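Just so it is clear, none of the values below were taken in a lab; they were calculated from the coordinates. Quantities reported herein were computed from a predicted structural model and do not represent experimental measurements. Note that we place each Cβ from the backbone using ideal geometry, even for glycine, and neighbour counts take in every protein chain shown.
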Amino acid sequence: MSETRQLNITPEEIESGKVMGILAYIFFIIPLLAARENRYAMFHTEQAIVLWIVFILVYIVMWILTFIIGQISSTLACVVSIIGILPWVVYLILWIMGLINAIGGKVKELPLIGQYGAKLNLVK
């Protein structure tokens, strides 16, 4: 079942919330404060918040891992630091996907992490 049917978001609501849905991926505080009643904007705000939270957690884990491995071997720490670029790339890809969905008027969860938005109930 598609997310649009589950959320019952009308085309009018999508059109009126499109700007706030786009802004959610740039600075999610704005739609969080200004468009609480628009379900389309809140869907994308929720997706953007989950993306941000997951990225911060992965970044912290990578930092700790680099620090611990750096105590053992500086060469291995450099390797881990280089591998640490991958979360940035994944974040950028997911961010672009979310932004394209918001621009296109789609109510589609982000791959891998989008499902956690509804489970965590972040914007309700």
Spherically averaged projected area in nm², based on the convex hull that wraps the Cα atoms of segment 50-124: 5.6
Sparsely packed chymotrypsin sites (Phe, Trp or Tyr not before Pro) within segment 1-72, loop by DSSP, other Cβ within 10 Å at most 12: PHE27
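Filter the GluC sites (Glu not before Pro) in segment 1-95 down to the DSSP loop ones having no more than 15 other Cβ atoms within 10 Å, then list what survives.
GLU37
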Derived scalar couplings ³J(HN,Hα) [segment 30-47; Karplus, 6.51 cos²θ - 1.76 cosθ + 1.60; whole Hz; x for Gly, Pro]: 4, x, 4, 8, 9, 10, 4, 7, 8, 5, 5, 5, 5, 4, 6, 5, 4, 4
Separation of the TRP63 and THR75 label points, Cα + 7 Å toward Cβ, nm: 2.8
Helical contribution to [θ] at 222 nm, DSSP H n ≥ 4, -39,500 (n - 2.57), averaged over the chain, rounded to 500: -25000 deg cm²/dmol
Inter-centroid distance (Cα atoms) of segment 1-72 relative to segment 97-124, Å: 6
Three-way shape call for segment 27-72 based on the alpha-carbon gyration tensor, with the a/c threshold at 1.5: prolate
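Among LEU32, LEU76, LEU51, LEU7, rank each residue by its count of other Cβ atoms within 10 Å, from fewest to most, as a rough exposure measure.
Ordered from fewest to most neighbouring Cβ atoms within 10 Å, LEU32, LEU76, LEU51, LEU7 come out as LEU76, LEU7, LEU32, LEU51.
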Nitroxide proxy distance, nm - points 7 Å out along Cα→Cβ at ILE29 and ILE93: 3.1
Estimated translational D of segment 3-115 in µm²/s (Stokes, Kirkwood radius over Cα pairs; 4 °C; 1.567 mPa s): 85
